[in-house]
1. Dimensions of the stretch 176-224 along principal axes (Cα, Å, largest first)?
2. Hey, rough spin-label estimate for residue 68 and residue 269, points 7 angstrom out along Cα→Cβ, what's it come to in nanometres?
3. Sum -39500 (n - 2.57) across every DSSP H segment of at least 4 residues in the chain, then divide by the residue count to get the 222 nm mean residue ellipticity, nearest 500.
4. Please determine, in degrees from 0 to 90 and to the nearest 10, the orientation of helix 262-283 with respect to the longest principal axis defined by the Cα atoms of the chain, where the helix direction is its Cα long axis.
5. I need the Kirkwood Rh of the stretch 104-151: take the reciprocal of the average 1/r across all distinct C-alpha pairs and report it in angstrom.
6. When the gyration tensor of the chain is built from Cα positions, what are the square roots of 5 times its three eigenvalues, in whole Å, from largest to smallest?
7. In bins 10 Å wide, starting from 0, what share of all Cα pairs of the stretch 4-84 does each bin hold, as a percent?
8. Compute the long axis of helix 188-199 from its Cα atoms, compare it with the longest principal axis of the Cα atoms of the chain, and write down the angle in degrees, 0 to 90, nearest 10.
């Protein structure tokens, strides 16, 4: 491996055309810069500077090395600059349900990252029960989850209005057994759906299972079955409330964070404001 210090001595000598001037530029003695050049020549096995020319100039081998030496030194400087820049060096790990990352929340993330360049936001979406488990296991700094009731250590919680939905294009009564569109096992709404429909003493089956809220909404829009969904997620979708089942009791959207101060607390406050505005609007629907 070629020592960048020796390469810098070689390039400076070649540019200056003089050992004396090169030593002055690098603020070292002429003896030291001569020794560094000699060490580089020993390493590559070629003479690199014609010492008898006036002004001195690179040898043929030196001319071949010169371009590579400049590029190596430029890359070294670039690497040192990059490592000296703290941008993106401090991660903040966030877990959120998929539908929480809307335009407003993305705007909060973008503005926060813009004003705090040292922060890197690592955002993971998933099902609330899995997010809760991972937060309690220390995998997230901040988590937003949907749950039946908030835990005592939550920073804030808001009611999330729930209702049953069907396709806006549905034209007839649903058959018996009734088809359902559901999340996979472990999804929060799935268990609540089953409990409600069994209270109605209706037979049912899973006609479509989607791993994300988007997939479930697409299934409902396509008329594959009924589903229990948060009202806030259905705006602009081709679905309508299923009147015979009416509405369900609200669930809650809660935000948790381990840290109570600093930049994490600032971000939690801004995320909380977005949640409050969104869920307040959906509750008025």
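Every number here is computed from the coordinates shown, using simple stated rules; none is lab data. Since this is a predicted model, take the numbers as computed values, not measurements. So basically every Cβ, Gly included, is an ideal-geometry build from the backbone, and we count neighbours across all protein chains shown.
1. Each principal axis gives a Cα extent; for the stretch 176-224 these are 29, 23, 12 Å.
2. Label-label distance for residue 68 and residue 269, simple model: 5.7 nm.
3. Numbers: 9 runs with 125 residues, N = 285.
Helix-only estimate at 222 nm: -14000 deg cm²/dmol.
4. 30
5. Details: mean 1/r = 0.0814 Å⁻¹.
The answer is 12.3 Å.
6. On the way: eigenvalues 933, 88, 44 Å².
Three semi-axes, in Å: 68, 21, 15.
7. 19, 51, 25, 4, 0
8. For helix 188-199, the angle is close to 10 degrees.
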